[in-house]
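Q: Here you go, one structure.
The values are calculated or read from the model by the stated rules, or taken from the named source; none is laboratory data. As the structure is a prediction and not an experimental result, all values here were calculated from the model. Here Cβ is always computed from backbone atoms with ideal geometry, including for glycine, and neighbour counts include all displayed protein chains.
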Amino acid sequence: MLYLVPTPIGNLEDITVRAVRVLKEVDLIACEDTRTSGVLLAHYAIDTPRTSYHDHNERRKAPHLVAQMQAGQDVALITDAGSPGISDPGFYLVRECLRHDIDVAALPGATAFVPALTASGLPCERFVFEGFLPVKKGRRKRLDALAGEPRTMVFYEGPHRLVKTLAQFEEVFGPERPAAVGRELTKKFEEVQRGTLAELRAHYEAQPKVRGEAVIIVGGSG
């Protein structure tokens, strides 16, 4: 069986009792980065064998993991932070497991966009999750297609591109469009900045250095 196990996005306490139990009971943990995951696993005294599984080796490693599960082993998949498959490795292995009639159980748990969305002050009963936009090819086309989206939109962005992305959003969606930026969520320096796209872009332009991946929430066109 394959277990998709969410891991904390910052604060190590944000993991369920069930997730800890599953990670202790499975035969193998597939980690996006074994060193990063090692900190969490050591914190909870989890000594289950682990192997690397990430974007660059998933097609090579997936058949081996499938073979192990077909032989009767249980495997847990975890990423560096958050829920596997949400802007992180997971989809390909899940599809391969289902194709080989291997059961898949997805545990509930931490996902970065949920606290950012609910704390944004923008409508969240209906929203669109876009994750990371294309870095170059297709980026403007994707944004233009979203210009008239009436629902709240959710994006992920790295710290080095945050100001540039907010400027692009300002150009496409308009400078007065309400938005919010969540950074360092669940960590010591957690912040959620709210305002118009123009105000948020100016705020982060004035910062000497922005740290941590960001969740950008943009109000819909309605």
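Q: Quick one: which residue in T118, T111, T186 is within 30 Å of M69 (Cβ to Cβ) and either at pLDDT below 95 or of a type outside the set (A, V, I, L, M, F, W, C) (or both)?
A: Working: T118 fails: within 30 Å of M69 (Cβ to Cβ); T186 fails: within 30 Å of M69 (Cβ to Cβ).
Checking each option against the conditions leaves just T111.
Q: For residues that are buried (at least 20 other Cβ atoms within 10 Å of the Cβ) and not aromatic (F, W, Y), scanning just segment 166-177, find the one that is farthest from G131 (Cα to Cα).
A: Taking the candidates together, the pick is E170.
Q: If you check every pair at least six apart or on different chains, which have Cβ atoms under 6 Å apart with a residue in segment 1-28 that is touching a residue at least 40 places away in the same chain (Cβ under 8 Å) and farther than 25 Å from K61 by Cα first and a residue that is part of a helix (DSSP H, G or I) and hydrophobic (A, V, I, L, M, F, W, C) second?
A: none
Q: Here is a follow-up. What pairs come out if I take residues in segment 191-214 that are more than 14 Å from G121 (Cβ to Cβ) and pair them with residues that are of a type in the set (F, W, Y) and assigned to a strand (DSSP E or B) whose C-beta lies under 8 Å away, six or more apart or interchain?
A: E213/Y156; A214/Y156
Q: Pairs please, first residue from segment 135-151 and within 15 Å of A179 (Cα to Cα), second anywhere and of a type in the set (D, E) and in a helix (DSSP H, G or I), Cβ atoms under 7 Å, 6+ apart in sequence or on different chains.
A: none
Q: If you don't mind, there's one more thing I want to ask. Among the residues of segment 171-215, write down those that are in contact with a His (Cβ under 8 Å, 6 or more places away or on another chain) and either of a type in the set (S, T, N, Q) or not assigned by TED's automatic domain parsing to the domain that holds R139 (or both).
A: Q193
Q: Another question about this same structure. Looking only at residues in segment 162-180 that are under 30 Å from E13 (Cβ atoms) and free of Cβ contacts under 8 Å to residues at least 60 places away in the same chain, which one is nearest to the chain's Cα centre (by Cα)? Lay out the reasoning, then the answer.
A: The initial filter retains those residues of segment 162-180 that are under 30 Å from E13 (Cβ atoms), namely 162, 179-180.
If we keep only those that are free of Cβ contacts under 8 Å to residues at least 60 places away in the same chain too, we end up with 162, 179.
Values: L162: 16, A179: 19 Å.
Only one residue tops the list, namely L162.
Q: Now, a different point. Do we have any residue at all in segment 110-122 that's among the hydroxyl-bearing types (S, T, Y), within 19 Å of G220 (Cα to Cα) and out of contact with any helix residue (DSSP H, G or I) (no Cβ under 8 Å at 6 or more places or on another chain)?
A: The first filter runs over segment 110-122 and keeps only residues among the hydroxyl-bearing types (S, T, Y), leaving 111, 118, 120.
Checking the rest, the ones that are also within 19 Å of G220 (Cα to Cα) come to 118, 120.
If we keep only those that are out of contact with any helix residue (DSSP H, G or I) (no Cβ under 8 Å at 6 or more places or on another chain) as well, we get 118, 120.
Within segment 110-122, one or more residues are among the hydroxyl-bearing types (S, T, Y), within 19 Å of G220 (Cα to Cα) and out of contact with any helix residue (DSSP H, G or I) (no Cβ under 8 Å at 6 or more places or on another chain).
Q: From the set of residues in segment 103-127 that are without any contact (Cβ under 8 Å) to a residue 40 or more places away in the chain and among the β-branched types (V, I, T), which is surrounded by the most Cβ atoms within 10 Å (Cβ to Cβ)? Spell out the reasoning first.
A: First, the residues of segment 103-127 that are without any contact (Cβ under 8 Å) to a residue 40 or more places away in the chain: 114, 118, 124-127.
Of the ones still in play, those that are also among the β-branched types (V, I, T) are 114, 118.
Values: V114: 17, T118: 13.
This residue is V114.
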